[in-house]
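Asks: Pasting in a structure now, in structure tokens, and then I'll have a few things to ask.
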Amino acid sequence: MSPTTNFHLWLRENVITDNFEDYYCLYEAVSSRETVGDFEVSIKDEMTFIKGATSTLCLATENARLAFLREVENLKDDKDMDWDSWIGYKRNMSNPNA
């Protein structure tokens, strides 16, 4: 199966919508251009490939990679928080023993 360039389709197929850890791992993987969590990243020339559970996303240019990062940023339920603060907050709120 060839990679897709459709952000929305790829997100629907590969990111669990109620799993904040998926959002964080995906953002970190694309931002760092390294594999994080379940998202395997590879680079070829200027293209960034993100392999998810069911398909691979091709970000063909740096502009596409930055646009995708903005799209992932919009997945957070509190857009005023930076990623580290947001993931810390979500982890604390999901731990009933904290």
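The values are calculated or read from the model by the stated rules, or taken from the named source; none is laboratory data. All of these numbers come straight from a predicted model, not from anything done at the bench. Glycine gets a Cβ as well: all are built from the backbone with ideal geometry, and neighbour counts include every protein chain shown.
Asks: Step by step: first the residues of region 9-18, then only those that are loosely packed, with under 13 Cβ neighbours inside 10 Å and at pLDDT below 90, then the one that is nearest to MET93 (Cα to Cα). Which residue is that? Give the derivation first.
Replies: First pass over region 9-18, keeping only residues loosely packed, with under 13 Cβ neighbours inside 10 Å: 9, 12, 16-18.
Next, only the ones that are at pLDDT below 90 stay: 16-18.
Numbers: ILE16: 18, THR17: 17, ASP18: 14 Å.
Once the filter is applied, the top-ranked residue is ASP18.
Asks: Select from region 53-70 the residues that are buried (at least 16 other Cβ atoms within 10 Å of the Cβ) and not in a helix (DSSP H, G or I) and list them in ascending order. Steps first, please.
Replies: As a first pass, look at region 53-70 and keep what is buried (at least 16 other Cβ atoms within 10 Å of the Cβ): 55-59, 64-65, 68.
SER55, THR56, LEU57, CYS58, LEU59, listed by residue number.
Asks: Out of all the residues in region 29-38, which are in a helix (DSSP H, G or I) and either hydrophobic (A, V, I, L, M, F, W, C) or surrounded by 20 or more Cβ atoms within 10 Å (Cβ to Cβ) (or both)?
Replies: ALA29, VAL30
Asks: Which residue out of LEU26, LEU75 is surrounded by 13 or more Cβ atoms within 10 Å (Cβ to Cβ) and part of a helix (DSSP H, G or I)? Even if it seems obvious, please write down each step before you answer.
Replies: Values: LEU75 fails: part of a helix (DSSP H, G or I).
It is LEU26.
Asks: Right, here's the next one. Read through the list (1) surrounded by 11 or more Cβ atoms within 10 Å (Cβ to Cβ); (2) modelled with pLDDT under 90, then give the number of the only condition that ASN97 fails.
Replies: Unmet condition: (1).
Asks: I would also like to ask the following. Search region 5-51 for residues being closer than 14 Å to THR61 by Cα and among the basic types (Lys, Arg), and hand back the single one that is farthest from the chain's Cα centre (by Cα). Give the derivation first.
Replies: The initial filter retains those residues of region 5-51 that are closer than 14 Å to THR61 by Cα, namely 5-7, 30-31, 33, 42-50.
Then keep just the ones that are among the basic types (Lys, Arg); that gives 33, 44.
Working: ARG33: 11, LYS44: 19 Å.
Residue satisfying both the conditions and the ranking: LYS44.
Asks: Among (1) part of a strand (DSSP E or B); (2) exposed (fewer than 15 other Cβ atoms within 10 Å of the Cβ), where does VAL41 come up short?
Replies: (2)
Asks: Between a first residue in region 4-18 that is closer than 15 Å to VAL30 by Cβ and part of a helix (DSSP H, G or I) and a second residue that is of a type in the set (Ser, Thr, Tyr) and at pLDDT 90 or above, which pairs have beta carbons less than 7 Å apart while being 6 or more apart in sequence or on different chains?
Replies: TRP10/THR4; TRP10/SER55; ASN14/THR54; ASN14/SER55
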